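Enquirer: Following this message is one structure expressed as structure tokens.
The values are calculated or read from the model by the stated rules, or taken from the named source; none is laboratory data. A quick note: this is a predicted structure, and the numbers were derived from the prediction, not measured. Here the Cβ is made from the backbone with ideal geometry for all residues, glycine too, and neighbour counts use every protein chain on show.
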Amino acid sequence: MAKVNIKNIRSRYTLRGFMLGVIIYILTIISSTSIFEHVNQPVTFYNLYRFFPGLWFITFLPFITAFAGYMIAGNFSVFIRKQRKHIKQEAAKSEHVHEFVENLRQDKFDSDLQLNERKDKLSQSLLRLRDYLIQSKKDVEQRRIEEDQRTWVTQGLAHFGELLRKENDNIEDLSYNIIRYLVDYMKINQAGFYLLNTINNKDKYFELTACVAYDRKKFADERINWEEGLIGRCALEKETIHLTDVPNDYLNITSGLGEANPRSILIVPLKTNDEIYGVLEMASFKYFPEFEVEFVEKIAESIALTISSVQNTIRTTKLLKETQNQAERMLQQEEELRQNLEEMQATQEESDRREVEMKGILEAIDHAAISSEFETDGTLINVNQNFLRTFRYNPEEIDGQNIKIFFFKDDVAELDQILTDLRNGHNFKGRVRRRTKMGDEIYLLTTYTPVIDHEGEIIKILSLENDITEQVKMEEELKHSKDELGVMLEEAKKEVTEQFKEVEAVKIRNEKTLEGALDAILTTNKDGIVEFFNAAAEKLWGYDRSEVLGQNVSMLFAETSVANDEFLSAFVSADKEKIVGERREAPIKNKVGSEEPVLFLLSAAQVGEDHSYTAFIQQVEVELF
């Protein structure tokens with residue numbers, strides 16, 4: 001619909017009214033002049049207005065009609081404005097209704113209708129439709145939630161029944177698996193399993209046999225007496241306790257980020273046939289819904305039946321084991337008596353055998369080693385014949401002497417330190433320099449061992465020694481020979497260095513000689529890497545030597561030529577035998593890629609394990625040698 005300009009309407013209607021007045025005025029004047037034909041009067045405006053005074057009204061008629069047109073246009077404009085406003089309102093209403101219906105289609109039930117006339121039938125119908133859809137969705141959601149809850153409970157009971165069937169022979173393992181399953185399945189924060197201990201009917205108490213996610217303070221509280229606290233109250237009343245207002249000092253849930261009080265505590269008795277077997281305690285940051293409480297109560301009854309069965313099985317097994325153990329103990333005691341007699345006989349025989357072996361060992365040591373015994377201050381107690389022969393003393397000469405007489409004065413301080421360590425209970429083992437009666441220097445490999453009585457006191461020192469004088473002399477000679485060998489090696493090294501310098505000088509002279517040769521000359525190692533490339537070779541191939549040195553020689557020949565030519569194939573290959581000493585014609589490939597025939601003569605050189613090959617190349621038209 002085209003937009004109507006109100007001002008243009010008023011202008012047009014005012015102009016049309018004015019023109020209508022003008023037309024009426026003209027027609028009135030024309031009709032009035034015809035009367036003057038019957039009266040003998042000239043036709044003038046004066047006579048017209050004199051004979052027809054009403055013409056004065058006609059004269060102002062254009063202004064009157066123009067004003068009338070203006071007023072009519074004004075009323076029409078007001079009507080148009082009202083119609084336009086009404087149309088806009090209807091359009092806005094339609095838009096709101098469409099938006100409201102679209103939101104309902106998209107399940108956005110919280111949107112408002114936003115109509116001023118909410119009491120009309122359309123608005124009321126739409127609002128009733130929204131309320132109906134909201135209620136329907138709530139009903140569907142509630143049914144879905146109830147179905148999910150039933151499914152959750154059913155699956156949980158099935159899984160839990162399977163768990164109870166598997167774990168039915170150990171209370172501790174069973175209780176831990178129950179708590180771990182509940183924490184994981186219900187997504188709670190903490191849980192504890194309290195088992196009623198009825199070994200003594202006068203002192204019944206609950207024992208915390210399993211817990212998950214308990215902090216250390218709560219975990220330490222492993223025993224709760226009968227009728228004590230909420231656990232005892234739950235067991236005494238045999239009813240579930242569900243706390244939603246948890247005291248601040250009851251329990252804290254801790255993590256790496258801190259600790260906080262739980263929002264809900266659920267305590268469920270484990271009962272069957274009105275008999276209590278334990279209590280389950282669970283804590284969570286969320287409230288326990290009714291279906292979860294019922295789920296735990298159903299599980300608690302199954303747990304109580306399982307515990308009753310397990311306890312009966314354990315008691316029966318325990319009685320059976322006790323009976324078996326008593327019979328086994330009787331047999332073991334009889335067998336032990338018999339074994340004790342045999343062991344006593346074997347021990348006596350072993351003691352006799354060890355005594356004989358010990359005598360043999362001591363005699364062997366006495367014959368093989370230099371043996372002596374002395375006090376902790378060094379005073380000699382006893383020595384063997386090897387000791388006397390080594391130091392060249394008679395027995396009466398060393399009677400009551402101190403072992404310091406067998407040391408040089410320079411070594412007495414070392415001996416004092418050794419005696420101090422021995423008095424502190426430490427053994428000594430090492431090479432010691434000694435002095436014979438004649439003042440000769442000998443070396444002994446010595447072991448000093450403190451002998452300790454049953455009270456822990458050192459009663460004497462046992463010394464076992466071997467003469468290693470010859471070995472020490474050989475070591476000194478070997479060391480002297482090693483020093484001489486080092487001097488000889490150093491001299492040989494210097495000689496080799498000088499020879500190497502001479503070889504390098506000769507090599508440089510040879511390279512300079514080859515550099516000035518008119519023939520192209522290149523040298524490779526055994527792997528085919530170019531090591532020398534003279535100026536004539538640069539000119540022949542067109543390469544700068546920096547582009548060739550360190551590269552494989554195959555870059556200087558075409559692949560087809562290498563494949564077809566026996567000489568080139570052997571020359572560029574590292575694992576083929578080179579054709580040495582024969583003059584061969586073969587093509588080369590220069591830098592621009594073109595091939596040119598040349599004459600080759602290859603020579604080989606070997607220094608130790610190092611091989612090198614030198615190729616003398618000359619163009620075909622040049623006379624070789």
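Enquirer: Scan segment 413-436 residue by residue and report those that are in contact with a helix residue (DSSP H, G or I) (Cβ under 6 Å, 6 or more places away or on another chain) and over 19 Å from residue 466 (Cβ atoms).
Expert: Those that are in contact with a helix residue (DSSP H, G or I) (Cβ under 6 Å, 6 or more places away or on another chain) and over 19 Å from residue 466 (Cβ atoms): none in segment 413-436.
Enquirer: Considering 393, 443, which residue is among the aromatic types (Phe, Trp, Tyr) and more than 23 Å from residue 475 (Cβ to Cβ)?
Expert: On the way: 443 fails: more than 23 Å from residue 475 (Cβ to Cβ).
Unique residue meeting the criteria: 393.
Enquirer: May I pose another question? From the set of residues in segment 427-458 that are in contact (Cβ under 8 Å) with a residue 24 or more places away in the chain and out of contact with any strand residue (DSSP E or B) (no Cβ under 8 Å at 6 or more places or on another chain), which is farthest from residue 375 (Cα to Cα)?
Expert: It comes out as 438.
Enquirer: Hey, among 620, 592, which residue is out of contact with any helix residue (DSSP H, G or I) (no Cβ under 9 Å at 6 or more places or on another chain), more than 19 Å from residue 533 (Cβ to Cβ) and hydrophobic (A, V, I, L, M, F, W, C)? Spell out the reasoning first.
Expert: Numbers: 592 fails: more than 19 Å from residue 533 (Cβ to Cβ).
One residue alone meets the criteria, 620.
Enquirer: Output the qualifying pairs, or none if there are none: Cβ atoms under 7 angstrom, residues six or more apart or on different chains, first residue in segment 53-72 and assigned by TED's automatic domain parsing to the domain that holds residue 16, second residue assigned to a helix (DSSP H, G or I) and of a type in the set (Lys, Arg).
Expert: Every condition considered, the pairs that remain are 69/16; 70/10.
Enquirer: Okay, next question. Would segment 384-406 turn up any residue that is of a type in the set (D, E, K, R) and under 14 Å from residue 467 (Cβ atoms)?
Expert: Start the filter on segment 384-406 by keeping residues that are of a type in the set (D, E, K, R), which leaves 389, 392, 396-397, 399, 404.
Going one step further and asking which of them are under 14 Å from residue 467 (Cβ atoms), we end up with 389, 392.
Taking every residue of segment 384-406 in turn, at least one turns out to be of a type in the set (D, E, K, R) and under 14 Å from residue 467 (Cβ atoms).
Enquirer: Taking the condition of being more than 57 Å from the chain's Cα centre (by Cα) and surrounded by fewer than 15 Cβ atoms within 10 Å (Cβ to Cβ), how many residues in segment 438-457 meet it?
Expert: 10
Enquirer: With the condition kept exactly as written, say whether any residue in segment 248-260 is assigned to a loop (DSSP other than H, G, I, E, B) and at pLDDT 85 or above. If you could, list the steps in order and put the result at the bottom.
Expert: Our first condition is that a residue be assigned to a loop (DSSP other than H, G, I, E, B); within segment 248-260, this holds for 248-252, 256-257.
Okay, now just the ones that are also at pLDDT 85 or above, so none.
Taking every residue of segment 248-260 in turn, none turns out to be assigned to a loop (DSSP other than H, G, I, E, B) and at pLDDT 85 or above.
Enquirer: Which condition number in (1) modelled with pLDDT of 85 or more; (2) in a helix (DSSP H, G or I); (3) small (Gly, Ala, Ser) is the one that residue 175 fails?
Expert: (1)
Enquirer: Shifting gears a bit: Would you check if residue 293 is surrounded by fewer than 21 Cβ atoms within 10 Å (Cβ to Cβ) and touching a Leu at 6+ places or on another chain (Cβ under 8 Å)? Step through it out loud before you land on a result.
Expert: Details: surrounded by fewer than 21 Cβ atoms within 10 Å (Cβ to Cβ): yes; touching a Leu at 6+ places or on another chain (Cβ under 8 Å): yes.
Yes; evaluated as a whole, the condition is true for this residue.
Enquirer: Within segment 181-204, how many residues turn out to be of a type outside the set (A, V, I, L, M, F, W, C) and surrounded by fewer than 17 Cβ atoms within 10 Å (Cβ to Cβ)? Spell out how you get there, then give the answer.
Expert: Applying the first criterion (of a type outside the set (A, V, I, L, M, F, W, C)) to segment 181-204 yields 181, 184-185, 187, 189-190, 192, 194, 197-198, 200-204.
Right, trim to surrounded by fewer than 17 Cβ atoms within 10 Å (Cβ to Cβ) and you get 184-185, 187, 197-198, 200-204.
Within segment 181-204, residues that are of a type outside the set (A, V, I, L, M, F, W, C) and surrounded by fewer than 17 Cβ atoms within 10 Å (Cβ to Cβ) number 10.
Enquirer: Condition test on residue 554, is it closer than 16 Å to residue 602 by Cβ and assigned by TED's automatic domain parsing to the domain that holds residue 597? Working first, answer last.
Expert: On the way: closer than 16 Å to residue 602 by Cβ: yes; assigned by TED's automatic domain parsing to the domain that holds residue 597: yes.
Spelling it out, residue 554 is indeed closer than 16 Å to residue 602 by Cβ and assigned by TED's automatic domain parsing to the domain that holds residue 597.
Enquirer: Could you check residue 195 against (1) out of contact with any Ser or Thr (no Cβ under 6 Å at 6 or more places or on another chain); (2) not in a loop (DSSP other than H, G, I, E, B) and say which number it fails?
Expert: Here residue 195 meets the rest and fails (1).
Yes/no matrix, rows are residues, columns are (1) crowded, with 17+ Cβ neighbours inside 10 Å; (2) small (Gly, Ala, Ser):
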site: 548; (1), (2): yes, no
site: 556; (1), (2): yes, no
site: 566; (1), (2): no, no
site: 593; (1), (2): no, yes
site: 612; (1), (2): no, yes
site: 615; (1), (2): yes, yes
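Enquirer: Quick check on segment 448-463. Is at least one of its residues outside any helix (DSSP H, G or I) and over 30 Å from residue 406 (Cα atoms)?
Expert: Yes; the residues of segment 448-463 include at least one that is outside any helix (DSSP H, G or I) and over 30 Å from residue 406 (Cα atoms).
Enquirer: Condition first: under 30 Å from residue 443 (Cα atoms), modelled with pLDDT under 80 and of a type outside the set (Phe, Trp, Tyr). Can you find one or more residues in segment 367-381 that meet it?
Expert: First, the residues of segment 367-381 that are under 30 Å from residue 443 (Cα atoms): 367-381.
Next cut, modelled with pLDDT under 80 only: 367-368.
With of a type outside the set (Phe, Trp, Tyr) added as a condition, the list becomes 367-368.
Among the residues of segment 367-381, at least one is under 30 Å from residue 443 (Cα atoms), modelled with pLDDT under 80 and of a type outside the set (Phe, Trp, Tyr), which makes the answer yes.
Enquirer: List the helices (runs of 4 or more DSSP H) that sit entirely inside segment 284-403 and contain at least 3 residues that are under 60 Å from the mean Cα position of the chain (by Cα). Steps first, please.
Expert: Details: elements: 290-368, 385-391, 395-398.
Ranges flagged: 290-368.
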